[in-house]
């Protein structure tokens, strides 16, 4: 069944509105009596039958409530330096499918891309839509939050207190991400810092260690592209805690 993010819910009905309604009517061309699934980021989903469709909303009669166990128990955030092209879009899509909790775009010294003001807001909005579509495709029930673009001075405030930080650094030769995870508590969030094209500067790595208590780690003996490194790190973390594979 087709999946939708709902705009509201009562005891017996849920509503579809806005862009989701446009998709329901004009793209999928669904009609009353068609069955769909709605979710609201609470961890629940509802199976429903479309009852009424108006210009403003679709009203769907609920016939089943479910609590699918599809979300990763360990919360993992990807904090990635702004990169060129569609690299961030790709990471958000694949990261959502795999189970990331959230994504923070980071302005770094070697970031060629510079996004500010309205352009930055529009880009973050687009990234959030990509995450929403990936949630539907992967049958998740909670959307990853795409945070506003930030710099080093505010990145710590973007995540909950107690977050455990690691930074992927190509000059780190001995400490692996897997070994570092042995000292982490999976009940607390984990944030993985990934550099843009060209990686982090030594100054940025030192700042991450000092301000975030981040542990620098290697992802292996080969140099990975920024988008590959982000997904590799996410997979390593979730697999280590038994939430993939």
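Couple of notes before you dig in:
- Looking only at residues in segment 56-86 that are over 30 Å from residue 123 (Cβ atoms) and without any contact (Cβ under 8 Å) to a residue 24 or more places away in the chain, the one that is surrounded by the most Cβ atoms within 10 Å (Cβ to Cβ) is 66.
- Test result for residue 100, in contact with a strand residue (DSSP E or B) (Cβ under 9 Å, 6 or more places away or on another chain), assigned by TED's automatic domain parsing to the domain that holds residue 199 and part of a loop (DSSP other than H, G, I, E, B): yes
- The criterion of being exposed (fewer than 15 other Cβ atoms within 10 Å of the Cβ) and either in the same structural domain as residue 92 (by TED's automatic domain parsing) or more than 30 Å from residue 40 (Cα to Cα) (or both) holds for residue 173.
- Of the strands (runs of 3 or more DSSP E) lying entirely inside segment 153-229, those carrying at least 3 residues that are closer than 17 Å to residue 241 by Cα are 164-168, 190-194.
- Some residue of segment 22-36 being within 20 Å of residue 144 (Cα to Cα), in contact (Cβ under 8 Å) with a residue 12 or more places away in the chain and part of a strand (DSSP E or B): no
- Single residue of segment 37-55 satisfying the filter (buried (at least 17 other Cβ atoms within 10 Å of the Cβ) and in contact (Cβ under 8 Å) with a residue 60 or more places away in the chain) that is farthest from residue 143 (Cα to Cα): 45
- The single residue among 89, 71 that is modelled with pLDDT of 95 or more, under 28 Å from residue 239 (Cβ atoms) and in a helix (DSSP H, G or I) turns out to be 89.
The values are calculated or read from the model by the stated rules, or taken from the named source; none is laboratory data. This structure is a prediction, so every number in the text was calculated from the model and none was measured. We place every Cβ from the backbone using ideal geometry, glycine too, and count neighbours over all the protein chains shown.
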